[in-house]
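Data first, discussion second: the structure below is written as structure tokens.
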Amino acid sequence: MRFCIVGAGFSGAVLARRLAEAGHQSVVLDERRHVAGNCHTERDAATGIMLHRYGPHIFHTADREVWDYVNRFGRMMPYVNRVKALSGGAVYSLPVNLHTINQFFGTTMNPAEARAFVAAQARRDITEPANFEEQALSMVGDRIYRAFFRGYTRKQWGLDPTELPASILKRLPLRFNYDDNYFNHPFQGMPADGYTAIVAGILDHPGIDVRLGCRFEEAGGDFAHVFYTGPLDRYFGYQLGRLGYRTLDFEEVRAEGDLLGTAVLNYCDEDVPFTRISEHKYFAPWEADRFTGTVCFREYSRLGGAEDIPYYPIRLVGEKSMLSDYVALARRTQGISFLGRLGTYRYLDMDVTIREAMDAATATLERLAEGAAPPAFFLDPLG
Ligand SMILES: Cc1cc2nc3c(=O)[nH]c(=O)nc-3n(C[C@H](O)[C@H](O)[C@H](O)COP(=O)(O)OP(=O)(O)OC[C@H]3O[C@@H](n4cnc5c(N)ncnc54)[C@H](O)[C@@H]3O)c2cc1C
């Protein structure tokens, strides 16, 4: 069969590859001039540094099959994400760990002492937290919350933490040892040649025809089925309204030598307008010494407008209600399936994106074998 797959990010590429390996043809369209979607990386023409064009991407997963899959298409180099944070004029390490706690309170506590100390700071009177702020206060108390969570969250979401659901902070990123590895997953790494090379490798199959600079709306063609990894509301011409996204503005800073001396520095204080700065040569520590110059990006978060790149789905009560209407509309529409972060309006890490695309391919092949059409969604976007 011949399919149309909209979007050449990880979702579209992995799906196309699995279908191609099962003997099907796909045309993969992307309106951008490159593959890899928001994971796109390219070497900076002036310095040679590998830049993450749509924000820093670190690969981490607990899914062995997904890890093996990315390693099949690219060489993953060891990389541990260690994030620093500036708060109240001092530099700390994140996630909040024993070093952060001892430094912040000027103490030398051991793990048990620190655990008891933080528990004593927690607001025990908040038994059923009604929002993000109450959740944080009930877990860490006022001082840690204000230093590391409040300002950053307000900048990131453009909302007061009292307006955000408590569920955002179900798992508190707090450690009572000196482990400053940002992620808990057993597999973590960075592709030696960038993510775009990996996605290009996935798409490199005789059953896949990639067309870049091509919008689905203008593409035309006769296909057995369409798989759409673009924005769900966009497919329907925004007829039920626009699903809200946060967008990001990146302000480039170039210099000789180093600017941060690390990959990511978060700015927790609210009076600093950006959320973080990333120094991209440090995402490739194996080659960082090679570059005499440096390229950094200050990251500003704001509500996305019609012309902006949709980055983080907002998914508060209003958006979920609109999403529910779009999901119902999609389920009534024939010949198309929606997947990926934009097609299902969810924040997805790369490993989850790849896993979901693999599973979508498996489900599609099973449906086709039964003579049935693929479903509108391979999982419930509202779940
Ligand atoms: C700032 C930021 C940082 C992140 N950092 C990490 C990280 O460190 N680790 C991690 O695992 N994940 C990270 N992610 C998540 C990662 O970006 C996603 O998992 C991944 O991009 C999802 O891939 P996708 O194919 O579903 O979507 P996308 O990458 O968005 O690809 C969709 C593609 O579809 C194209 N498209 C859409 N509509 C149309 C249309 N109508 N016609 C033609 N083309 C169309 C778009 O141009 C785009 O290229 C981060 C995300 C953000 C926002």
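Rule-based calculations on the coordinates, nothing more; no lab input. Worth saying up front: this structure is predicted, and the values here are computed from it rather than measured. Reconstructed Cβ throughout: ideal geometry from the backbone, glycine too, with neighbour counts over all protein chains shown.
Structure notes:
- Prolate/oblate/rounded label for region 83-169 (Cα gyration tensor, a/c 1.5): oblate
- 10, 297, 73 arranged by Cβ crowding within 10 Å, fewest neighbours leading: 73, 297, 10
- Dipole check for the chain: with +1 at the C-beta of Lys and Arg, -1 at the C-beta of Asp and Glu, and the Cα centre as origin, the magnitude is about 320 Debye.
- Relative exposure of 280, 57, judged by other C-beta atoms within 10 Å (fewest first): 57, 280
- Relative contact order [Cα under 8 Å, 6+ residues apart], region 102-234, whole percent: 19 percent
- Each Cα pair of the chain feeds into the Kirkwood radius, which the Stokes-Einstein equation turns, at 25 °C and 0.890 mPa s, into a diffusion coefficient of 109 µm²/s.
- The H on the amide N of residue 293, modeled in the peptide plane, is under 5 Å from the matching H of 257, each at least 5 residues off or on a different chain.
- Taking label positions 7 Å along the Cα-Cβ direction at both residue 333 and residue 22, the computed distance is 2.2 nm, reported to one decimal.
- Computed packing ranks the peptides 205-213, 338-346 as 338-346, 205-213, most packed first, by mean other Cβ atoms within 10 Å.
- Centre separation in Å (Cα based) which lies between region 22-43 and region 195-215: 4 Å
- Order of 59, 216 - criterion: other Cβ atoms within 10 Å of each residue's Cβ, fewest first: 216, 59
- Calculated translational diffusion coefficient of region 227-323 (37 °C, 0.692 mPa s; Stokes-Einstein with Kirkwood radius over alpha-carbon pairs) equals 206 µm²/s.
- Rounded to the nearest 20 debye, the dipole size of region 83-169 about its Cα centre is 320 debye, using +1 on the Cβ of Lys and Arg and -1 on the Cβ of Asp and Glu.
- Start at zero, step by 10 Å, and the Cα-Cα distances of region 123-219 spread as 12, 28, 19, 19, 17, 6, 0 percent across the bins.
- Ellipticity estimate at 222 nm from DSSP helix runs (n ≥ 4, -39,500 (n - 2.57)) divided over the chain, nearest 500: -9000 deg cm²/dmol
- Candidates per GluC sites (Glu not before Pro) in region 303-383, loop by DSSP, up to 13 other Cβ within 10 Å: 307, 370
- Between residue 113 and residue 370, the FRET efficiency estimated from the beta carbon spacing at R0 = 56 angstrom works out to 0.40.
- Top positive-direction residue, dipole computed over region 83-169 with Cβ charges, set 92, 166, 135: 92
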